[in-house]
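Everything on this sheet refers to the single structure shown next.
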Amino acid sequence: MRGLNLIALFNKKGDRVLMCTRKKDPYKGLINFPGGKIELGEDGLTAAYRELEEETAVTFEDVKLTHIMTFVYPLDNCYVEVYTGKLKEDLDVHGEENELFWSRLDHNFFDMSKYAGEGNIGHIMEHIRLAKERLGW
């Protein structure tokens, strides 16, 4: 089964989330979280940190990631692990993969005309909101 990941990264204050506008299919032109493929033999957390650094220049020293959910798609023979974290200090993010930007949290993340994942972005954001105390935020 093919593994993928998404990383919902928040700024230090926790009032913005890092998003990207996808340059490629699937979801070309739609807004998503940074993320990518889990390589064969690679554990999910290692893959999340690797993808985060490749796509944003944020390293494991800058953030503690927590695995918050996994979506399994048997018909597509894949799964998506979702991680979240809050930056220890605000820093410049940059990458070549997709256009990155810090989004306010007052958007309708369930709007499928703007956000990738058939409503999953909204679902993820709601779970993070509900888990903030358990995450220590």
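No value in this document is a laboratory result; all are computed from the given coordinates. Since we're looking at a predicted model, the values are computed, not measured. Heads up, the Cβs are rebuilt from the backbone with ideal geometry, glycines too, and the neighbour counts pull from every protein chain shown.
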### Global form of the range 2-135, assessed from the alpha-carbon gyration tensor, a/c cut-off 1.5
rounded
### Message
Counting only other residues whose beta carbon sits under 10 Å from that of residue 136, what net charge do I get with K and R as +1, D and E as -1?
### Response
+3
### Message
Restricting to DSSP loop positions (anything but H, G, I, E, B) with no more than 14 other Cβ atoms inside 10 Å of their own Cβ, which GluC sites (Glu not before Pro) remain in the range 79-118?
### Response
89, 96, 118
### Summary
Ranked on Cβ counts within 10 Å of their own Cβ, fewest leading, 130, 87, 75, 6 go 75, 130, 87, 6
### Query
For the range 56-100, what is the largest minus smallest coordinate of the Cα atoms on each principal axis, given in angstrom and ordered from greatest to least?
39, 24, 12
### Task
List, in the order given, every pair from 28/86; 24/114; 28/114; 24/88; 13/88; 24/86 whose Cα-Cα distance in the structure shown is over 19 Å.
28/86; 24/88; 24/86
## Note on the structure
Karplus ³J(HN,Hα) for the range 108-124 (6.51 cos²θ - 1.76 cosθ + 1.60, θ = phi - 60°; Hz, whole; x = Gly/Pro) runs 8, 6, 8, 6, 6, 7, 10, 10, 5, x, 6, x, 5, 4, x, 4, 4
#### Entry: Antiparallel DSSP beta bridges within the chain, as percent of all bridges there, nearest 5
70 percent
### Message
Just to verify a number: FRET efficiency for residue 96 and residue 27, C-beta to C-beta distance, R0 = 30 Å, to 0.05?
### Response
0.95
